[in-house]
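Please treat every number below as a calculation from the coordinates, not as lab data. These numbers were taken from a predicted model, which means no experiment stands behind them. Ideal geometry is used to build each Cβ from the backbone, glycine not excepted, and the neighbour counts take in all protein chains shown.
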Amino acid sequence: MLSAQQPLALSLRADQTFGSFISPPGTAATRALQLAQSLASGHERTPLYLWGPAGCGKTHLLTAALAAAATHGLRSAYLPLRELGAAGVVAAVSAFEQFALVCVDDLDAIAGDEPAELALFHLYDRLRANGGRIIVTGNATPTGLGLCRPELKSRLGWGVSCRLETLPDPDKRALLLRRAADQGLSLGEPVADYLLRHHSRDLHDLLTTLDRLDRATLAAQRHPTLPFVRQLLESVDAEQASAATPADSA
């Protein structure tokens, strides 16, 4: 059981900061970034709801907000609803009513479960009463989530709702090159283009592959040349195919 002194553990990615979040000027992503920064610094109290497809940067902003809140000395917590499940949400939320910032990920994961929705509704109210702040993510608008409790829909409408979009390929390419440079990995533009053409375009998958490439080049004491990257991706594909194939019965 979680206590009020024990927020859910979150392994923060050091590279998922406000500075590394790509937000083209004049877009909803820029507005979301600015509001998340204000919430994490304690200068804003308006609830923020972020929605959009997988890979659009919702969890990136939550991670960045948690890291920034820590630098400001604010007590913060992360609630991954998909991992917790509805029963876990009900058991956990009361532990965070006194926190300065609570980041709730994947609201759609518990949509339709009345006890879980009521628990989050009460969390909204108690955080507001205690001077706390909340950022919530989901895969659809508040009215499109399939929520069964009108009170929770109402609370989602209290604040600002921002729709995030997946990055176009040129921005993904720029992010790959910048992330590689931050990690000390000399990733050439042809290699970045190859990853985009021959690998999953999902941003999480791309960054996971980049991390794997970084480890592989260090272990082999090699530069990330195209032949090396091809070999690595073939190895990844073979592992995935093997994992997807049922083992022969004895």
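In the range 28-163, if the dipole is taken from +1 on Lys/Arg beta carbons and -1 on Asp/Glu beta carbons about the Cα centre, which of Phe96, Pro142, Leu33 is farthest to the positive end?
Checking the options against the dipole of the range 28-163, the answer is Leu33.
Under a plain spin-label model, where a point goes 7 Å from the Cα along Cα-to-Cβ, how far apart in nm are Ala216 and Asp193?
About 2.0 nm, to one decimal.
In angstroms, what radius of gyration and Dmax does the chain have, counting Cα atoms only?
20.1, 63
Under the classification rounded if a/c is under 1.5, otherwise prolate if a/b is larger than b/c and oblate if not, where does the range 169-242 fall, given a ≥ b ≥ c as square roots of the Cα gyration tensor eigenvalues?
Details: a/c = 1.62, a/b = 1.11, b/c = 1.46.
Because a/c hits 1.5 or more and a/b fails to exceed b/c, the range 169-242 counts as oblate.
Hey, can you rank 202-209, 222-229 by average C-beta count inside 10 Å, highest first?
Numbers: 202-209: 16.5, 222-229: 15.0.
Ranked from most to least packed, the peptides come out as 202-209, 222-229.
Most fluctuating residue of Glu97, Glu151, Glu117 in a GNM of the chain with Cα springs under 10 Å: which is it?
Looking only at Glu97, Glu151, Glu117, the largest GNM fluctuation is found for Glu151.
Using the crude model of +1 on Lys and Arg Cβ and -1 on Asp and Glu Cβ, and no other charge, please compute the dipole size for the range 49-168 relative to its Cα centre, in debye to 20.
Working: 10 positive and 11 negative charges, 72 e Å.
Dipole size: approximately 340 debye.
Which value, in debye to the nearest 20, gives the size of the charge dipole of the chain about its Cα centre, when Lys and Arg are +1 and Asp and Glu are -1 at the Cβ? Please list the in-between numbers first.
Working: 23 positive and 26 negative charges, 147 e Å.
Dipole magnitude for the chain comes out near 700 debye.
Got a sec? Charge dipole of the chain, +1 on Cβ for Lys and Arg, -1 for Asp and Glu; which of Leu81, Leu187, Gly131 is way out at the positive end?
The residue sitting most towards the positive pole is Gly131.
Let me check against my output: what whole-number percent is the relative contact order of the range 169-242, with C-alpha pairs under 8 Å and at least 6 apart? Walk me through the numbers on the way to the answer.
On the way: 38 pairs, mean separation 22.7, N = 74.
Reported relative contact order: 31 percent.
When only Cα pairs under 8 Å and 6 or more residues apart are kept, what is the percent relative contact order across the chain?
20
Would you mind telling me which residue in Ala219, Ala111, Ala174 has the biggest mean-square fluctuation in a Gaussian network model of the chain, where springs connect alpha carbons within a distance under 10 angstrom?
Ala219
Can you bin the range 1-148 into rounded, prolate or oblate? Criterion: square roots of the alpha carbon gyration tensor eigenvalues sorted a ≥ b ≥ c, rounded for a/c under 1.5, prolate for a/b above b/c, oblate for the rest.
Numbers: a/c = 1.59, a/b = 1.20, b/c = 1.33.
Taking the square roots of the gyration eigenvalues as a ≥ b ≥ c, the range 1-148 is oblate.
Sketch the reach of a paramagnetic label on Thr166 as a point 7 Å from Cα along Cα-to-Cβ, and name the residues of the range 40-57 whose backbone nitrogen lies under 17 Å away.
51-57
Put +1 on the Cβ of every Lys and Arg and -1 on every Asp and Glu Cβ in the chain; which of Phe18, His199, Leu50 then has its Cα farthest towards the positive end of the dipole?
Most positive-ward Cα: Phe18.
Which value in deg cm²/dmol, rounded to the nearest 500, describes the helix-derived mean residue ellipticity at 222 nm for the chain, given -39,500 (n - 2.57) per DSSP H run of n ≥ 4 and division by the residue count?
That calculation yields -16000 deg cm²/dmol at 222 nm.
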